[in-house]
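To start, the structure itself, in structure tokens.
The values are calculated or read from the model by the stated rules, or taken from the named source; none is laboratory data. Everything numeric here is computed off the predicted structure, so don't read it as measured data. So basically every Cβ, Gly included, is an ideal-geometry build from the backbone, and we count neighbours across all protein chains shown. The area values use the complete protein model at the heavy-atom level, side chains included, leaving out ligands, DNA and RNA. Shrake-Rupley method; radii C 1.70, N 1.55, O 1.52, S 1.80 Å.
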Amino acid sequence: DTGSRLSFEQNRRWVNTRGHRFTAQVQASEMRSSVGANYTIPGQRPQTDQYVLRTLWTDENTDNTEYERIVFGVSWQKQVTRTERVLSLDWQDERDTLDGVIRKTQYLLPSAQWTRIHTQNRLDVDEGWRLSLTVRGAAAALLSDSDFAQTILAAKHVMPWGDKVRLLTRLDLGTSITGNFDQVPTSLRFYTGGDRTIRGYAYQSISPRNSLGEVEGGRHLIVGSAELDYEFRANWRVAAFFDAGNAFNNINDPMQMGVGIGFRWQSPVGPIRFDLASGLRDPGDTLRLHLTLGPDL
């Protein structure tokens, strides 16, 4: 989605005798660049409990979005049985371009995220599911430019059909509540389209558009996918898929749909996917190549 990229990471696993860790990352790509650092402090039970101080600068300039953002934050990550819980507080300063106007916004964003993954082997999933819920918001009375609340639910399920066939289904839902959506920065709006959302469409090309035809981002999000794959030889699969969804302000807006076929190679670090997809409605492409790497769940 973001073109060729170069990245560098340094991870100091032992800062002191109390088990503190420090990580720095730099990434440069054709469309997005970022520089970030994390300082991790073990909690009362270091195996399942930790605190993270972090900062991140991001600059994204694509055909559809343009923004620069700096974030300072702190989070508490805790494993509760099989569920990972992350409580965060982030302050972000963002400058973006919308409708030809440069805007600057500041938000103090408390958030909570719960993620649960159930499978025997994440690198090679035969059966399992993933469920994630994120809730975040801001208040004009607390160092933010407007009142804002947002909820995001993401789910994925892998179900075997016999020894060689799998059915993969995915659903992403999101909604924003605010009295002044024009004030909401680009990074907090919903967009879809691209390698991991609706294939057959360019990265973040699906959302409400202004009078100039430029994407503006939506209040709400619905994305669903169904994929069937077949292992025709060890570690190789062929797949067929159907994706549909939209980022929208009005529920009556039509859904965008994409269909395609793909190949999967089960590498030692997880599946590598090669997909050819076609978007069935404007602004979809007649044929688009998607390359992704990473676990199914």
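Considering only DSSP states other than H, G, I, E and B, which trypsin sites (Lys or Arg not before Pro) in region 27-92 qualify as loop sites with at most 10 other Cβ atoms within 10 Å? Answer by residue number: Arg82. A protection proxy built from the mean count of other Cβ atoms within 10 Å ranks the segments 212-223, 285-296, most packed first, as 212-223, 285-296. FRET efficiency for the pair Tyr230 and Leu293, taken as 1/(1 + (r/R0)^6) with r the Cβ-Cβ distance and R0 = 25 Å, rounds to 0.75. Extending 7 Å from the Cα toward the beta-carbon at both Met255 and Ala28 defines two label points whose distance is 4.3 nm. Note on exposure: Tyr51, Tyr67 ranked by accessible area (1.4 Å probe, complete protein assembly) read Tyr51, Tyr67, with the most exposed listed first. Sorting Ile70, Ile261, Ile102 by accessible area puts them as Ile102, Ile261, Ile70; the probe is 1.4 Å, largest comes first, and only protein heavy atoms count. What a 1.4 Å probe finds exposed on region 110-207 is 57% carbon and sulfur by accessible area, rounded to a whole percent.
Between rounded, prolate and oblate, where does region 19-141 land on the alpha carbon gyration tensor, with a ≥ b ≥ c its root eigenvalues, rounded for a/c under 1.5, else prolate if a/b exceeds b/c?
prolate
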